[in-house]
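Visitor: Quick one: this structure, given as structure tokens, is what I'll be asking you about.
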Amino acid sequence: MISEVLPAVPWVQLVFTIPKMLRPLFLWDRSLYGDLCRSAYAATSRFFQAQFPGLEKAVPGVVAAPQSFGNILNFHPHAHALSSLGVFTRDGVFHPVPEDIDFAPLEELFREELFKALLKKEKITEERITLLRSWKHSGFRVHSDRRLAQGDRQELESLLQY
């Protein structure tokens, strides 16, 4: 079973979506899917590290996979990630976050990480970034509704097979 490799800690499924305006970039340059996953990881890592400012070099456990289609098989680049609900320190100790943690700040972190990656590859301009930042609803979203309790290996296995 795949889940046996992962530590017995609480987990959350995170789904990182991007605005329709940026989706065509991924159609013509598949290497951007790596940037999408790296941006999701960098944002998630920064988000969890902010919860534990006193812990040096603490990181969440994260597995991310890109997806190029939606539920109706439409073109819809996004990333699915499985993240520990807390961080690990260098000595392997796990530090959980409160159960009621608000993931809303993760959306902005993800947006900014992806902007940075796309700008570095010259796939987007500063003007386009300014436009996207000005929108009330940016089109970026991080879904964090599916959470798994510590030790729920059956549910973890089911999620990993998804």
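The values are calculated or read from the model by the stated rules, or taken from the named source; none is laboratory data. Predicted model, so just to flag it, every value in this text is computed and none were measured. Here the Cβ is made from the backbone with ideal geometry for all residues, glycine too, and neighbour counts use every protein chain on show. With ligands, DNA and RNA removed, areas are computed over all heavy atoms of the protein, side chains included. Shrake-Rupley method; radii C 1.70, N 1.55, O 1.52, S 1.80 Å.
Visitor: Describe numerically, in nm with one decimal, the distance between label points set 7 Å from Cα along Cα→Cβ at Lys20 and at Phe103.
Guide: Result: 2.4 nm between the two label points.
Visitor: For Ala65 and Trp135, compute 0.36 nm times the residue count separating them, minus their Cα-Cα distance, and round to one decimal in nm.
Guide: Between Ala65 and Trp135, full extension yields 22.5 nm more.
Visitor: So if R0 is 22 Å, what FRET efficiency would Leu55 and Arg146 give, r being the distance between their Cβ atoms, rounded to the nearest 0.05?
Guide: In this case the efficiency is close to 0.30.
Visitor: Sorted by mean Cβ packing within 10 Å, highest first, what order do the peptides 60-67, 27-34 take?
Guide: Those peptides, ordered most packed to least, come out 60-67, 27-34.
Visitor: 222 nm [θ] for the chain, helices only, -39500 (n - 2.57) per DSSP H run of 4+, per residue, to 500?
Guide: The per-residue figure over the chain is -11500 deg cm²/dmol.
Visitor: Roughly how many whole Å is it from the C-alpha centroid of the stretch 33-70 to that of the stretch 72-104?
Guide: 7 Å
Visitor: Here is a follow-up. Computing the accessible area with a 1.4 Å probe over protein heavy atoms, can you report the carbon and sulfur percentage for the chain?
Guide: 53 percent
Visitor: Something else: Taking amide H positions as placed in the peptide plane 1.01 Å from N, state which residues far from Leu85 in sequence (5 or more) or on other chains have amide H under 5 Å from it.
Guide: Trp11, Val12
Visitor: Quote the relative contact order of the stretch 1-145 in percent (integer), defining contacts as alpha-carbon pairs under 8 Å separated by 6+ residues.
Guide: Dividing the mean separation by the residue count of the stretch 1-145 yields 35 percent.
Visitor: Could you tell me which of Ala43, Val62, Ser144 has its Cα farthest along the dipole of the chain towards the positive end, charges placed at Cβ (Lys, Arg +1; Asp, Glu -1), taken about the Cα centre?
Guide: Highest projection toward the positive end goes to Ala43.
Visitor: Moving to a separate point now. For the residue pair Arg153 and Val93, what label-to-label distance in nm results when each label sits 7 Å from Cα along the Cα-to-beta-carbon direction?
Guide: Inter-label distance under the simple model: 2.7 nm.
Visitor: May I ask for the equivalent-ellipsoid semi-axes of the stretch 66-151, computed as the square root of five times each C-alpha gyration tensor eigenvalue and listed largest first in whole Å?
Guide: Calculated on Cα positions only, the semi-axes equal 29, 18, 14 Å.
Visitor: For Asp100, tell me the accessible area in Å² from a 1.4 Å probe, rounded to the nearest 10.
Guide: Roughly 130 Å² of Asp100 is accessible to a 1.4 Å probe.
Visitor: Can you tell me the dipole magnitude for the chain around its Cα centre, using point charges on the Cβ only (Lys, Arg +1; Asp, Glu -1), in Debye to the nearest 20?
Guide: 620 debye
Visitor: Give, in whole angstrom and from largest to smallest, the semi-axes √(5λ) of the equivalent ellipsoid of the chain, with λ running over the eigenvalues of the Cα gyration tensor.
Guide: The equivalent ellipsoid of the chain has semi-axes of 28, 19, 14 Å.
Visitor: Ranked highest first by average number of other Cβ atoms within 10 Å, how do 51-59, 6-14 line up?
Guide: Averaged packing, sorted descending, gives the order 6-14, 51-59.
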